[in-house]
Amino acid sequence: MHFILLAEHNAEVCPTSNATTRDLLLQIGPEVPSIAERAGVKIVAGPYVNREHITVAVVEADTAEAVDDFIVGTRLHQWNSMRVLPSKPLEEGVKDIQDGESLF
């Protein structure tokens with residue numbers, strides 16, 4: 001299953017303004033691919049960063065626990081509010097709509 005990860009932080013802990021977070025990110029950043037592999041997570045897209053203090057990544061994993069292991073391993077949860085959105089490719093979503101029953 002695919003999961004969309006949204007990590008949001010405020011300017012005070014942003015690596016561009018906070019030396020502690022900056023040092024942590026510079027240490028952990030290069031290790032992200034190996035952390036994902038150890039957790040059983042495949043990075044499909046990202047992580048992408050922007051000026052809105054939000055990091056976005058699309059990952060694939062068999063379980064939500066694997067995604068949680070990835071988040072803990074990367075320490076993203078220590079300086080971000082995390083949202084994890086289980087997601088499907090569009091084709092699967094369309095099939096669910098076709099196979100499902102409409103409410104109205």
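The values are calculated or read from the model by the stated rules, or taken from the named source; none is laboratory data. The structure presented is a predicted model; accordingly, all values stated were derived computationally and were not measured. All Cβ positions, even for glycine, are placed from backbone atoms using ideal geometry, and neighbour counts span all protein chains on display.
Look at V67 and say whether it is in contact with a Ser or Thr (Cβ under 7 Å, 6 or more places away or on another chain) and in a helix (DSSP H, G or I). Against the criterion (in contact with a Ser or Thr (Cβ under 7 Å, 6 or more places away or on another chain) and in a helix (DSSP H, G or I)), V67 does not qualify.
Taking the stated definitions as given, is I28 in a helix (DSSP H, G or I) and touching a Gly at 6+ places or on another chain (Cβ under 8 Å)? Considered against the rule, which asks whether it is in a helix (DSSP H, G or I) and touching a Gly at 6+ places or on another chain (Cβ under 8 Å), I28 comes out as no. Spot the failing condition for D69; the list is (1) within 30 Å of G93 (Cα to Cα); (2) within 13 Å of the chain's Cα centre (by Cα); (3) surrounded by fewer than 17 Cβ atoms within 10 Å (Cβ to Cβ); (4) of a type in the set (D, E, K, R), and only one is missed. Every condition holds for D69 apart from (3). Only one of the numbered conditions (1) outside any strand (DSSP E or B); (2) touching a Pro at 6+ places or on another chain (Cβ under 6 Å) is not met by A57, and that is (1). Would you pick out the residues in region 54-65 that are crowded, with 18+ Cβ neighbours inside 10 Å and either more than 11 Å from L5 (Cα to Cα) or in contact with a Cys (Cβ under 9 Å, 6 or more places away or on another chain) (or both)? Selection gives A61 alone. Whenever a residue of region 1-25 is part of a loop (DSSP other than H, G, I, E, B) and at pLDDT 95 or above, its partners that are surrounded by 13 or more Cβ atoms within 10 Å (Cβ to Cβ) and of a type in the set (S, T, Y), lying with C-beta atoms within less than 7 angstrom and at least six residues away or across chains, give the pairs C14/T21; P15/T21. The residue list V49, V13, V44, V32 contains one member that is in contact with a Phe, Trp or Tyr (Cβ under 7 Å, 6 or more places away or on another chain), on the phi < 0 side of the Ramachandran plot and β-branched (V, I, T), which is V13.
For region 71-94, filtering for residues that are modelled with pLDDT of 95 or more and either of a type outside the set (S, T, Y) or more than 22 Å from V41 (Cα to Cα) (or both) leaves 14. The C-beta contact set for region 28-49 (first residue farther than 20 Å from I4 by Cβ, second residue modelled with pLDDT of 95 or more and aliphatic (A, V, I, L, M), distance under 8 angstrom, 6+ apart or interchain) comprises I28/I35.
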